[in-house]
Structure formats: C-alpha cells, structure tokens
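Q: First the structure, which I've put down as structure tokens, then a few questions once you've had a look.
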Amino acid sequence: MDELRPSSGSASHGVASMFPPGLQAIYGECRRLYPDQPNPLQVTAIVKYWLGGPDPLDYISMYRNMGSPSQEVQEHWHYVSFGLSDLYGDSRVHEFTGPEVPSGFGFELTFRLKREAGETAPPTWPAELMQGLARYVFQSENTFCSGDHVSWHSPLDNSESRIQHMLLTEDAQLQPVRTPLGLVTFLQIVGICAEELQAAQQWNGQGVLDLLRGVRVAGGPWLITDMRRGETVFDIDPHLQERVDKGIDSDGSNLSGVSAKCAWDDVSRPPEDEDDSRSICVGSQPRRLSDKDTEQIREALRRGLEINSKTVLPPISGQRQSHDRAQSRKDSLESERSAAIVPHELVRTRQLESIHLKFNLESGTLLPLCLRGRLLHGRHFTYKSISGDTAITFVSLGVEGAFATEEHPYAAHGPWLQVLLTEEFVEQMLEDLQDLSVREELTLPREFSWTDKKLKISILPDCVFDSPLQ
C-alpha cells in the first residue's frame with residue numbers, strides 16, 4: 001500500500017552526507033532537470049520492500065514538466081521511480097557489486113503523462129503501474145531494455161482507454177548517472193494501443209517508437225502518453241503501416257516466439273509403445289519437457305529480442321545464469337555464443353522423416369511472419385503450446401545450437417520439435433501460404449502439404465485443441 005506525501009528534499013538542505021548514496025545520486029539528476037521543484041509530491045511505500053512490504057519501489061516522485069513549445073512538446077506530468085537500482089549500498093535490497101557495474105537492476109522507470117486542462121496535481125495511478133512492473137522485475141529477475149514491449153491487456157489507468165500496452169525507451173531528458181553503487185539508466189514507459197503493440201512484436205520496438213515520436217498526438221519527440229488518445233498511429237497516418245512492412249522485410253522481426261494452440265505428429269511410422277514420444281497429438285499426454293529443454297525454450301523466448309548477425313539458441317544446460325549483476329540481453333547472448341554446448345546425448349535426439357504440424361488460426365496466421373521476418377534473416381521462432389509441453393521451433397541454417405540439421409531437418413527432444421528450413425524452401429512456403437494473409441476468408445480446416453519435403457501443416461478450429469477427445 002502506498003501513500004502520497006511531499007518529498008523531504010533533505011539532500012538539498014545541507015545534509016547530503018546523511019542521504020543514502022544511490023538515492024542522493026538520483027535526486028541530484030532530478031534536481032538538475034527540475035531546479036524549481038526541490039520537494040515534488042511522492043508516492044511512497046508505507047511498508048518498505050526490505051521490511052516485508054509488497055511494493056519494491058520505495059518512492060515515485062512526480063514532477064510538473066512544462067514541455068517545449070519550440071519542439072511541440074506539450075505540458076505533462078513526469079514520474080520517476082526509486083528502488084530498482086541500489087539506493088542504500090548496505091545489501092538490504094540489492095547486493096553491492098561495485099561502482100563500475102549496473103546498480104541493482106541497473107535502471108529506474110519513468111513515465112510521462114499528458115496533463116489534462118485544469119489538473120493541479122498529478123494522478124497517482126501511474127505509481128501503481130510502475131510498482132506492477134517493478135514486482136515483475138524482482139520476481140522474475142528479468143531486466144528491461146530500451147525497445148522492449150510489455151503486453152498488459154488492460155487500460156493502464158483502469159478506464160476504457162485504448163492505451164493498454166507499453167513500450168520502453170531511454171527517458172527523453174534524464175541522463176544515466178554513475179553512482180557510488182553503480183550505473184543507473186532511466187527507462188521511460190510509453191503507453192500504446194494493441195495495433196502498435198502488434199507492430200512492435202512483428203517488427204521491433206525501436207522502429208515503432210520512432211513512428212510515435214514523429215506524430216505529436218501519439219507521443220511526439222518526448223513520447224508523452226495520452227490516455228484519451230482514441231486513434232492508433234496507423235489511423236492518424238496510414239502510410240506508416242508501409243514503413244512497418246518494409247522494416248520487417250529489411251530488418252526482420254524481433255518476435256522470437258509465442259504461446260500458441262499447436263501440436264505435432266511424427267507420421268514417419270506409428271509409435272511402437274506408449275512410452276514412445278515420437279507422436280505428439282492433440283489430447284494425448286506426451287512425456288514432459290526436460291528441465292534442460294524447458295530452460296532452453298524459455299531463454300530463447302526471453303532473449304530472442306536482441307538482433308544479432310548470427311542467432312544462437314541458448315545451449316542446453318542445467319546451470320542457471322548468475323544474477324549477481326543485471327545483464328543486458330546483448331551480454332547474455334554473447335556469453336551464450338562462447339559457452340560450450342552440452343553434448344546432445346544427454347537428451348536423446350530423434351530424427352524424424354515426416355511430420356504433421358497443427359495450428360489454430362491465430363497461430364497459423366503468424367507463419368508468414370515466422371518465415372519472412374525470422375528465418376529469412378537467419379533466426380529462429382518458437383511456438384510453445386499453452387496447454388502442455390509441446391513446442392515447435394523453426395530454425396534456419398544460421399542458428400547455432402540447434403539439434404535439427406540440414407541432413408536431418410526434423411528432430412525432437414521429447415515433445416520439443418525443431419524444424420530446419422532452407423532459404424529456398426522458406427521462399428516456396430511463403431508463396432504457398434499466401435492464403436493465410438486473408439484470415440477472414442480462410443475456411444477451416446485448411447491443409448498445406450509439401451510431399452517432397454514430407455511436411456504437412458494443418459490450420460484447425462480452436463475446438464480441436466480445446467477438446468481432450470480430439
């Protein structure tokens with residue numbers, strides 16, 4: 001539970017030495033930006049996280065920002081969090097690892113909300129939104145990076161607003177600060193519509209942020225969130241959709257995988273016994289994914305946002321990463337690239353001759369994006385079943401760490417299937433799957449077959465996946 005109060009501003013009153021070093025450094029950067037607001041309103045956790053309270057952020061300061069008429073930046077409220085970085089340096093929340101590495105998780109959150117006419121005080125709902133994101137970071141130990149998207153699926157202010165999701169980017173004004181406890185950057189939350197989230201998923205977050213910066217009412221140069229915005233950036237300027245489509249073609253897609261209604265069968269030959277998991281059918285009870293396979297899929301989905309010249313599936317390893325310090329996705333992928341891959345004999349790989357892939361309509365319509373935006377750019381894409389351990393990962397020849405090979409393009413570890421597709425076959429599939437781009441006209445079930453490749457894909461009604469009898 002939080003309470004609203006004015007900040008003490010003690011550091012500006014000559015007792016800076018009594019102020020915790022991390023807290024003092026962040027206050028200092030805020031004072032640089034707002035010298036006329038030494039005591040902003042704050043939302044503060046009544047029971048601090050380090051005393052057993054539920055809210056990881058000790059404080060959220062709220063400033064009135066006058067904008068910049070010359071840049072067509074409107075007046076707004078500016079929120080700044082305190083608590084994702086190390087504020088105290090005494091290990092009450094974060095372990096101190098040195099001044100040259102990220103402090104705590106390495107960042108604080110900010111948010112810019114359009115000031116409505118007649119508002120004399122900032123709304124406090126953004127503080128709870130920031131606490132929610134902070135709870136996710138503390139519980140999962142996943143950090144945020146500029147360009148990340150957050151699927152929230154609810155109006156950020158619990159109203160009827162279309163702004164129901166978020167992108168993250170560097171704050172428009174606050175500069176990174178080097179504190180005695182490490183480096184702290186400021187990541188700004190940007191509220192977006194579902195259509196803008198979809199564009200960020202299918203292309204990349206940075207590209208969509210650039211589109212929003214160019215449209216004043218959709219964010220403008222400082223990416224100010226307007227909860228009353230009723231039009232998407234694509235409604236305001238329909239030509240921007242072409243930029244997204246061209247971006248996917250030139251840059252590829254940052255979407256590395258989805259939770260889906262999917263299944264696969266090994267149709268090379270029937271299973272020999274009930275313990276043979278070569279056949280993964282809807283409604284069956286396949287063997288569970290091993291912990292190693294689960295970790296690899298989870299890491300692939302979590303870390304697949306980083307664009308790399310050579311994509312690497314995380315090695316199958318029983319060891320989890322150390323969280324002694326916050327790591328960027330780039331760092332973790334580089335470490336994966338140099339890590340020794342555990343021999344696959346530890347998890348028996350089965351080469352399959354012929355396979356049948358099954359998707360519902362929503363998942364099936366992502367196949368062209370998977371092929372065009374991921375595999376043609378040397379990357380991978382994973383469908384993870386929402387109702388079991390089944391997983392299907394499409395890989396290209398440029399993906400290291402895959403157990404599917406050019407000689408054996410269909411291979412499985414238990415219920416996890418990998419499908420390796422050559423560039424020539426991807427191009428052929430894109431041509432044959434064109435019907436998926438007009439989902440409204442698609443009649444289900446629909447089958448696509450490539451007999452020479454011994455591959456069949458079926459797009460099936462949801463009920464097939466929902467019913468255990470199918």
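Condition check ((1) part of a helix (DSSP H, G or I); (2) closer than 20 Å to residue 133 by Cα; (3) in contact (Cβ under 8 Å) with a residue 60 or more places away in the chain; (4) of a type in the set (Asp, Glu)) across all residues:
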residue	(1), (2), (3), (4)
178	no, no, yes, no
199	yes, no, no, no
207	yes, no, no, no
227	no, yes, yes, no
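Q: Identify all residues within the stretch 180-197 that are assigned to a loop (DSSP other than H, G, I, E, B) and either of a type in the set (Lys, Arg) or surrounded by fewer than 23 Cβ atoms within 10 Å (Cβ to Cβ) (or both); write none if there are none. First the steps, then the outcome.
A: Going residue by residue through the stretch 180-197, those that are assigned to a loop (DSSP other than H, G, I, E, B) are 180-181, 193.
Correct list: 180, 193.
Q: Given the residues 220, 230, which is the only one that is open to solvent by 10 Å² or more (accessible area, probe 1.4 Å), small (Gly, Ala, Ser) and modelled with pLDDT of 95 or more?
A: Values: 220 fails: open to solvent by 10 Å² or more (accessible area, probe 1.4 Å).
Only one candidate qualifies: 230.
Q: Given the conditions (1) closer than 23 Å to residue 248 by Cβ; (2) of a type outside the set (A, V, I, L, M); (3) open to solvent by 40 Å² or more (accessible area, probe 1.4 Å), which single one is not true for residue 383?
A: Every listed condition holds for residue 383 apart from (3).
Q: Moving to a separate point now. Identify all residues within the stretch 404-445 that are open to solvent by less than 10 Å² (accessible area, probe 1.4 Å), touching a Ser or Thr at 6+ places or on another chain (Cβ under 7 Å) and assigned to a loop (DSSP other than H, G, I, E, B); write none if there are none.
A: Of everything in the stretch 404-445, those that are open to solvent by less than 10 Å² (accessible area, probe 1.4 Å), touching a Ser or Thr at 6+ places or on another chain (Cβ under 7 Å) and assigned to a loop (DSSP other than H, G, I, E, B) turn out to be 415, 421.
Q: Restricting attention to the stretch 235-267, report how many residues are of a type in the set (A, V, I, L, M, F, W, C), open to solvent by 20 Å² or more (accessible area, probe 1.4 Å) and either touching a His at 6+ places or on another chain (Cβ under 7 Å) or farther than 19 Å from residue 369 by Cα (or both).
A: The total comes to 2.
Q: May I ask you to list the residues in the stretch 178-194 that are at pLDDT 95 or above and under 30 Å from residue 365 (Cβ atoms)?
A: 189, 190, 191, 192, 193 - these are the residues of the stretch 178-194 that are at pLDDT 95 or above and under 30 Å from residue 365 (Cβ atoms).
Q: Take the residues of the stretch 108-149 that are in a strand (DSSP E or B) and open to solvent by 20 Å² or more (accessible area, probe 1.4 Å): which is farthest from residue 2 (Cα to Cα)?
A: Initial filter on the stretch 108-149 (in a strand (DSSP E or B)): 108-114, 149.
Going one step further and asking which of them are open to solvent by 20 Å² or more (accessible area, probe 1.4 Å), we end up with 114, 149.
Values: 114: 23, 149: 26 Å.
In this case the residue turns out to be 149.
Q: Give just the number: which of (1) more than 18 Å from residue 356 (Cα to Cα); (2) in contact (Cβ under 8 Å) with a residue 60 or more places away in the chain; (3) of a type in the set (A, V, I, L, M, F, W, C) does residue 460 not satisfy?
A: (1)
Q: Looking at the stretch 335-367 only, could you name the residues that are open to solvent by 30 Å² or more (accessible area, probe 1.4 Å) and at pLDDT 95 or above?
A: 351, 353, 358
The values are calculated or read from the model by the stated rules, or taken from the named source; none is laboratory data. All values derive from a computational prediction rather than experimental measurement. For neighbour counting, all protein chains shown are included, and Cβ atoms are generated from backbone atoms with ideal geometry for every residue, glycine included. Keep in mind that these areas ignore ligands, DNA and RNA; they rest on the heavy atoms of the full protein, side chains included. Shrake-Rupley method; radii C 1.70, N 1.55, O 1.52, S 1.80 Å.
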